[in-house]
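What follows is a single structure, written as C-alpha cells, with notes after it.
The values are calculated or read from the model by the stated rules, or taken from the named source; none is laboratory data. Here the structure is a predicted model, which is why all the values come from computation and not from measurement. Here the Cβ positions follow ideal geometry from the backbone for every residue, glycine too, while neighbour counts run over all protein chains shown.
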Amino acid sequence: MLEKKFIEVYDKFKIQFFRKVFEKVRERDGSLSAMEALSLDIIRALGEPTVGQFADFLNISQSNATYKVNNLIKKGYLVRQNSATDRREYHLVLSDKFYRYSELLTSYELTVVDRMKKRFSGEEIEKLNEMLTVISDELMPECE
C-alpha cells in the first residue's frame, strides 16, 4: 500500500514537471530543449557543481557535459564562477534567467504544499516535515 501510494504521488509530481517543461520549451533559436531543461534541474539539485561533478552524476563524458554546459551558458541560464579554493576550477551557478524560468516549473509543488497546509493540522505538517527530512538526509545517500 505505502509503495503504491508513494510511487503514485512521485509520478504525479514528475508528470506535472514534464508537462510544464514541454509547455515552456519552444523550438526557436535560443530556447531550451527538454534535455537542457532537465540538465538545469539536475544542476540546481546538485547545488553549484563543477562540470566534472555534473558529468559524473549523469555518467557522461566530460566533453559531453562541457558541450551541454556551454550551450546553457550561451543561452544565459548558467554562469561559470571560479572556485574560492582553486582558481583553476569553476562551479556552475544558475543565473537570474534560470530562476525566472524555474518559478514557472515549481509552482505546482508550491500549490500542493499550500493545499497540504490547509488540509492537515500543524502537528501533521510538522511530522511530515520531519519524515521528509529523514528521507532526504538519511535514506537517499545516492543523491548526495
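Residue 24 fulfils the conditions (1) charged (D, E, K, R); (2) in contact (Cβ under 8 Å) with a residue 24 or more places away in the chain; (3) more than 30 Å from residue 112 (Cα to Cα) except for a single criterion, (3). I'd like to know if region 88-102 contains one or more residues that are of a type in the set (Ser, Thr, Tyr), modelled with pLDDT of 95 or more, more than 19 Å from residue 14 (Cα to Cα) and out of contact with any Leu (no Cβ under 8 Å at 6 or more places or on another chain). For region 88-102, residues of a type in the set (Ser, Thr, Tyr), modelled with pLDDT of 95 or more, more than 19 Å from residue 14 (Cα to Cα) and out of contact with any Leu (no Cβ under 8 Å at 6 or more places or on another chain): absent. Would you confirm whether or not region 80-90 contains a residue that is of a type in the set (Phe, Trp, Tyr) and closer than 21 Å to residue 55 by Cα? Scanning region 80-90 turns up at least one residue that is of a type in the set (Phe, Trp, Tyr) and closer than 21 Å to residue 55 by Cα.
Residue 108 - would you say it is aromatic (Phe, Trp, Tyr) and free of Cβ contacts under 8 Å to residues at least 60 places away in the same chain?
Considered against the rule, which asks whether it is aromatic (Phe, Trp, Tyr) and free of Cβ contacts under 8 Å to residues at least 60 places away in the same chain, residue 108 comes out as no.
Of the residues 43, 73, the single one that is touching a strand residue (DSSP E or B) at 6+ places or on another chain (Cβ under 7 Å) and either farther than 25 Å from residue 140 by Cβ or among the aromatic types (Phe, Trp, Tyr) (or both) is 73.
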